[in-house]
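Here you go, one structure.
Computed from the coordinates by the stated procedures, all read-outs in this text should not be read as laboratory data. In this text, all values refer to a predicted model and were calculated from it rather than measured experimentally. Heads up, the Cβs are rebuilt from the backbone with ideal geometry, glycines too, and the neighbour counts pull from every protein chain shown.
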Amino acid sequence: MSRPRPEPVQVVKLRRDATLAALVDSVPYARFMGISFDRCGDELTGILTYDDKLIGNPLLPALHGGATAAFLELTAMITLSWSWLWEDIESGALDAQTLPESMPRLPKTVGFTVDYLRSGLPRDAYARARVNRSGRRYASVHVEGWQDNRDKLFAQATGHFVMPKRIQE
Amino acid sequence: MIDKVKIARQFTNAIPHSRALGMNLVDIDDGTATMELPYSDHLVGDPRTGVIAGGAVSALMDTCCGAAVMSHPSSPGGTATIDLRIDYMRAAAPGQTIRTVAQCYHITRSVAFVRATTYDDDPDNPVATASGAFTVEGMK
């Protein structure tokens with residue numbers, strides 16, 4: 001009984017990183033906000049790099065609630081799309097490197113509810129999303145945002161999304 | 001009496017994030033505020049269609065709701081978002097300015113309740129609605 005040799009690590013990483021880049025770079029608003037993603041295997045962490053233009057209350061100072069909401073929403077949306085595409089990325093069915101236009105559309109947000117737990121400090125913020133339910137048409141995603149301490153969230157959110165059509169459909 | 005229109009206008013101009021996005025306060029009066037966000041390339045969420053990102057709509061709604069709270073006759077001044085729920089009905093038409101009208105419909109000593117609706121050029125077809133709770137704080 002033999003099983004296929006695992007692919008070389010560079011091949012796997014290149015394919016995953018190219019797909020992630022194709023997803024994130026397709027959103028001009030992410031670039032404007034300074035949002036990027038760290039990837040460990042299939043786990044994504046959104047990073048909101050601090051910039052003075054993200055401030056909402058200059059007296060405190062604190063991050064703008066709208067900037068926080070946008071960061072959490074984009075993290076939820078990218079993480080959802082990423083987990084939805086994972087099998088196609090792994091099998092090589094999705095080729096972001098040579099065919100960026102083959103990338104499917106991002107999910108559409110139906111509703112998004114943000115809870116502001118403490119004021120966002122003027123420094124980098126991080127967020128990780130968990131897909132609680134991903135059906136053929138709808139998905140529900142929870143996302144948590146923190147800054148210095150992973151256990152002390154400054155905001156959390158839940159969103160519902162309409163999924164794009166599968167490429168082969 | 002404090003001139004709340006002046007305070008709110010200063011408040012909007014003093015918010016770096018709102019300024020960076022290009023928001024304008026159009027009208028403000030006793031718990032109701034109207035703000036606009038002109039279309040711009042850096043707000044785009046989907047370059048294939050040119051539709052602006054949900055996050056940009058969220059930011060406009062959040063700011064406008066805050067302005068509505070501050071303009072309420074019973075508000076001593078400052079505010080921060082406790083929670084905000086946004087429902088996206090449809091994509092805003094690419095190229096069009098979006099406009100949010102927010103109303104602070106109830107306020108207690110500690111919490112203000114706000115509703116908001118966002119439109120593009122079609123006033124009969126909202127792009128998104130929001131409802132949220134905000135803190136009630138004195139001016140620092």
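What 222 nm value per residue comes from the helices of chain B, counting each DSSP H run with n ≥ 4 as -39,500 (n - 2.57) and dividing by all residues, nearest 500 deg cm²/dmol?
That calculation yields -7500 deg cm²/dmol at 222 nm.
Now a separate question. Please tell me the relative contact order of chain A in percent, rounded to the nearest whole number, where contacts are Cα pairs under 8 Å and at least six residues apart.
23
What's the ranking of B:69-76, B:49-56 by average number of surrounding C-beta atoms within 10 Å, highest first?
B:49-56, B:69-76
Mind checking the mean number of beta-carbon atoms from other chains within 10 Å of the Cβ atoms in B:73-83?
That works out to 3 on average.
Then there is this: In degrees from 0 to 90, rounded to the nearest 10, what is the angle of the helix B:4-13 Cα long axis to the longest principal axis of chain B?
50
What's the average, rounded to a whole number, of partner chain beta-carbon atoms within 10 Å of each residue's beta-carbon in A:104-112?
Per residue, the number of nearby Cβ atoms from other chains is 5 on average.
Also, quick follow-up: I'd like the orientation of helix A:9-25 relative to chain A: the angle between its Cα long axis and the longest Cα principal axis, in ° from 0 to 90, rounded to 10.
The angle comes out near 50 degrees.
Moving to a separate point now. On a 0 to 90° scale, report how tilted helix B:54-71 is relative to the longest principal axis of chain B, with both axes built from alpha carbons and the result rounded to the nearest 10.
20
Measure out, as a whole number of angstrom, how far apart the alpha-carbon centroids of the range A:144-159 and the range A:3-17 sit.
32
Would you mind calculating the relative contact order of chain B from Cα pairs under 8 angstrom and at least 6 residues apart, reporting the percent as a whole number?
Relative contact order here is 24 percent.
Looking at the protein assembly as shown, I'd like the Rg to Rh ratio, where Rg is from alpha-carbon atoms and Rh is Kirkwood's inverse mean 1/r.
My calculation of the ratio gives 1.01.
Which of the peptides A:18-30, A:129-141 is most tightly packed, and how do the rest follow, going by the mean number of other Cβ atoms within 10 Å of each residue?
A:18-30, A:129-141
Take the alpha carbon atoms of chain B, find their radius of gyration, then divide it by 2.2 N^0.38 Å using N residues; give the quotient.
Normalised Rg, Cα atoms only: 1.01.
Inverting the mean 1/r over all pairs of different Cα atoms, compute the Kirkwood radius of the range A:9-162 and quote it in Å.
It works out to 16.0 Å.
Work out the mean other chain Cβ neighbour count within 10 Å for the residues of B:47-56 and drop it here as an integer.
Mean shielding by partner chains, rounded to a whole number: 6.
Let me ask something additional. Considering only C-alpha atoms, what is the centroid distance from the range A:48-122 to the range B:99-118, in Å?
26
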